[in-house]
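Contents: one structure, followed by commentary.
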Amino acid sequence: MKGVVLAGGLGSRLYPLTHATNKHLLPVYDKPMVYYPIRTLVQAGINEVLIVTGGPHAGDFIGVLRNGKDLGLRHLEYAFQATEGGIADALSLCEDFADGGDIAVILGDNTTDADISASVKGFAGGAMVFLRQVPDPERFGVPVFDAQNQSRIIGIEEKPREPKSNYAVTGLYLYDNRVFEFIKTLEPSARGELEITDVNNAYIRLGSLKWAELKGFWSDAGTFESLFRSNVFWAQKSTGQAAEDFREYLT
């Protein structure tokens, strides 16, 4: 399985920090943000990765990541997303890289210490999304569970005003190669983007979507609050300081 890190967009929610560089190159404790999703893939046994980026600071990635060898990668490629067309649009640029195989996709602002290697090794086609309980599910895609079978997802709603569960679809997905055909059938949403939620719902309609709950820490780092939360966690984990020293920042 190959890996894709989606690191495009203008990072407007983190302006003026993103005036200087791409959001995904901002520091999370002692590493650039994008190091964390790459590490998640490498720890799962994935060593061929494509970085999809865009915006005025796209070239900054080459100076930071270079050929990826220092991060445990055997092969690193880059693709440029010319417009802010959404996650599914960015993923569409990866079809040639996937070369007919399965892919693991992670958003470049996702930081987690979860081990997904078992899910990657056991993947047998279709799609898998990784969920996490959050206090603010309205910021994310939210799964709707079957009332008769709570282990079955019957739909995913994108940023609902009234979430039907407190689970968020994290920015971490496994797909078989059909994902690119599904993307080609999508129409832009009201936001003018091709939504990854629509891709996931296409798999749901075919009965081909599974899910797993991420264990351990997970946070996006796309807002000032979540960026700060991620910094605090990784500082605590890296320095070995007691969690109590940071608890007031993690609530």
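Does at least one position in region 134-144 carry a residue that is crowded, with 16+ Cβ neighbours inside 10 Å and touching a residue at least 60 places away in the same chain (Cβ under 8 Å)?
Within region 134-144 (the criterion being crowded, with 16+ Cβ neighbours inside 10 Å and touching a residue at least 60 places away in the same chain (Cβ under 8 Å)), the answer is yes, since at least one residue qualifies.
Please count how many residues of region 81-100 are more than 16 Å from G3 (Cβ to Cβ), in contact with a Leu (Cβ under 8 Å, 6 or more places away or on another chain) and either loosely packed, with under 14 Cβ neighbours inside 10 Å or among the small types (G, A, S) (or both).
Of the residues in region 81-100, 4 are more than 16 Å from G3 (Cβ to Cβ), in contact with a Leu (Cβ under 8 Å, 6 or more places away or on another chain) and either loosely packed, with under 14 Cβ neighbours inside 10 Å or among the small types (G, A, S) (or both).
Under the condition of being surrounded by 20 or more Cβ atoms within 10 Å (Cβ to Cβ) and in contact with a Gly (Cβ under 9 Å, 6 or more places away or on another chain), which residue from region 159-169 is farthest from I116 (Cα to Cα)?
In this case the residue turns out to be A168.
Can you list residue pairs whose Cβ atoms sit under 8 Å apart, with the first residue in region 148-169 being polar (S, T, N, Q) and the second being crowded, with 20+ Cβ neighbours inside 10 Å? Count only pairs 6 or more apart in sequence or on different chains.
Going by the 8 Å Cβ cut-off, the qualifying pairs are S165/P137; S165/V142; S165/P143; N166/P137.
Pick from region 36-80 the residues that are of a type in the set (V, I, T) and surrounded by fewer than 21 Cβ atoms within 10 Å (Cβ to Cβ): which of them is nearest to V120 (Cα to Cα)?
Among those that are of a type in the set (V, I, T) and surrounded by fewer than 21 Cβ atoms within 10 Å (Cβ to Cβ), it is V42.
Can you report the number of residues in region 152-182 which are in contact with a Ser or Thr (Cβ under 6 Å, 6 or more places away or on another chain) and either farther than 28 Å from D96 by Cβ or aliphatic (A, V, I, L, M) (or both)?
1
Being touching a helix residue (DSSP H, G or I) at 6+ places or on another chain (Cβ under 8 Å) and of a type in the set (A, V, I, L, M) is true for just one of A190, A221, A235, A147. Which residue is that?
That would be A221, the only listed residue that is touching a helix residue (DSSP H, G or I) at 6+ places or on another chain (Cβ under 8 Å) and of a type in the set (A, V, I, L, M).
With respect to the numbered conditions (1) aliphatic (A, V, I, L, M); (2) crowded, with 20+ Cβ neighbours inside 10 Å; (3) under 15 Å from S208 (Cβ atoms); (4) more than 14 Å from the chain's Cα centre (by Cα), which one is the sole condition not fulfilled by A124?
(2)
Residue by residue through region 31-70, note down the ones that are part of a loop (DSSP other than H, G, I, E, B) and within 17 Å of T112 (Cβ to Cβ).
M33, V34, A44, G45, I46
Residue by residue, here is whether (1) closer than 30 Å to P32 by Cα; (2) touching a Leu at 6+ places or on another chain (Cβ under 7 Å) holds:
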{"residue": "F130", "(1), (2)": "yes, yes"}
{"residue": "N149", "(1), (2)": "no, no"}
{"residue": "I153", "(1), (2)": "no, yes"}
{"residue": "S165", "(1), (2)": "no, no"}
{"residue": "Y173", "(1), (2)": "yes, no"}
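Inside region 1-30, can you point out the residues that are under 18 Å from A90 (Cα atoms), of a type in the set (K, R) and part of a helix (DSSP H, G or I)?
K23
Restricting to region 93-110, name every residue that is touching a helix residue (DSSP H, G or I) at 6+ places or on another chain (Cβ under 6 Å) and more than 20 Å from V169 (Cα to Cα).
The answer is E95, and nothing else.
Search region 29-50 for residues being hydrophobic (A, V, I, L, M, F, W, C) and out of contact with any Leu (no Cβ under 7 Å at 6 or more places or on another chain), and hand back the single one that is nearest to M1 (Cα to Cα).
So, considering only residues that are hydrophobic (A, V, I, L, M, F, W, C) and out of contact with any Leu (no Cβ under 7 Å at 6 or more places or on another chain), the one nearest to M1 (Cα to Cα) is I46.
Residues checked against (1) part of a loop (DSSP other than H, G, I, E, B); (2) within 30 Å of V232 (Cα to Cα); (3) at pLDDT below 95; (4) touching a Cys at 6+ places or on another chain (Cβ under 8 Å):
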| position | (1), (2), (3), (4) |
| --- | --- |
| P135 | yes, yes, yes, no |
| I153 | no, no, no, no |
| R161 | yes, yes, yes, no |
| V169 | no, yes, no, no |
| Y173 | no, yes, no, no |
| A190 | yes, no, yes, no |
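Taking the condition of being assigned to a strand (DSSP E or B) and small (G, A, S), how many residues in region 101-128 meet it?
2
Any residue in region 115-129 that's over 11 Å from Q43 (Cα atoms) and at pLDDT 95 or above: show its pairings with residues that are part of a strand (DSSP E or B) and among the small types (G, A, S) at Cβ separation under 6 Å, as long as the two are six or more apart or on different chains.
Filtered contacts from region 115-129: S119/A212.
The values are calculated or read from the model by the stated rules, or taken from the named source; none is laboratory data. Keep in mind it's a predicted model, so treat the numbers as computed, not measured. Ideal geometry is used to build each Cβ from the backbone, glycine not excepted, and the neighbour counts take in all protein chains shown.
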